[in-house]
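This report concerns only the one structure given below.
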Amino acid sequence: MLVLAIDTATPAVTAGVVELEQQSTTVLAERVTQDARAHGELLTPHVLDAVSRSGITLRDLTAVVCGVGPGPFTGLRAGIVTAAALAHSLDIPAYPVCSLDAIAADSVAGPDSAGPFLVVTDARRKEVYWAAYDAAGRRTHGPDVAKPADLDSTVRRVEHAHPSPAGLVRVAAAAVLGGEKPGPLTPLYLRRPDAKVPGERKRVTTP
């Protein structure tokens, strides 16, 4: 099965094509650029480039897997809208994945994995998005948003990371392989966006 993986929950713009089998995930091509202000500009070119470098066409894709956060409003919207549009036009399912879960899946697969850990990403405003995982990479708490000082300092942290295409697909693998109906692509904002609707102007009267 050929799966397109997308994530824009962190400053990284991530797109990749992954070949999914019962016991393995193989990344055929991926494009990742660190630019928190260019999710909307770079994502579609990254998708098309990854598909082209994989030696396939968009019509060969079986499913889309999309990281849905937690993350900032603008970045998440770019990824989710792109995933939904591609899935609709290609008539294939789009599976939502918690982006922190995908980072955890990468961490468990890495050489330094041992014991429970936290996945932590930047939430701006001097806060972080975080979730706790056991040694097998199963989420035990979160996702949530907090100040870094409020997190458990005794647990290993995975920080400054972004989801990889392989990690995203690993999280959704059982659902994709089983042909399960995906849930909605609902973004995990966890808090209100920075932008606010202006309030009503105060009336100014002259004496």
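Select from region 87-111 the residues that are part of a loop (DSSP other than H, G, I, E, B) and under 18 Å from G75 (Cα atoms) and list them in ascending order. Can you show your working first?
Our first condition is that a residue be part of a loop (DSSP other than H, G, I, E, B); within region 87-111, this holds for 91-93, 98, 110-111.
The answer is C98, and nothing else.
Note on region 85-111: residues that are surrounded by fewer than 15 Cβ atoms within 10 Å (Cβ to Cβ), within 13 Å of A136 (Cα to Cα) and free of Cβ contacts under 8 Å to residues at least 40 places away in the same chain total 1.
Counting the residues of region 1-41 that are over 18 Å from V51 (Cβ atoms) and assigned to a strand (DSSP E or B) gives 4. Entry remark, region 28-55: residues being within 15 Å of L86 (Cα to Cα) and either at pLDDT 95 or above or open to solvent by less than 50 Å² (accessible area, probe 1.4 Å) (or both) number 9 in total. A single entry from T82, T25, T10 fulfils the requirement of being in contact (Cβ under 8 Å) with a residue 12 or more places away in the chain, within 17 Å of P184 (Cβ to Cβ) and open to solvent by 10 Å² or more (accessible area, probe 1.4 Å): T82.
Within region 62-70, can one find any residue that is at positive phi and either part of a helix (DSSP H, G or I) or open to solvent by less than 60 Å² (accessible area, probe 1.4 Å) (or both)?
So far as region 62-70 goes, yes, one or more of its residues are at positive phi and either part of a helix (DSSP H, G or I) or open to solvent by less than 60 Å² (accessible area, probe 1.4 Å) (or both).
Looking at this structure, is G115 in a loop (DSSP other than H, G, I, E, B), at pLDDT below 95, buried (at least 19 other Cβ atoms within 10 Å of the Cβ) and not hydrophobic (A, V, I, L, M, F, W, C)? In short, no.
The values are calculated or read from the model by the stated rules, or taken from the named source; none is laboratory data. What you see is a predicted model; the values in this text were computed from it and never measured. Quick reminder, even Gly has a Cβ in these numbers, built from the backbone with ideal geometry, and neighbours come from all protein chains shown. When the accessible area is computed, the model is the full protein with side chains, heavy atoms only, and any ligands, DNA or RNA have been set aside. Shrake-Rupley method; radii C 1.70, N 1.55, O 1.52, S 1.80 Å.
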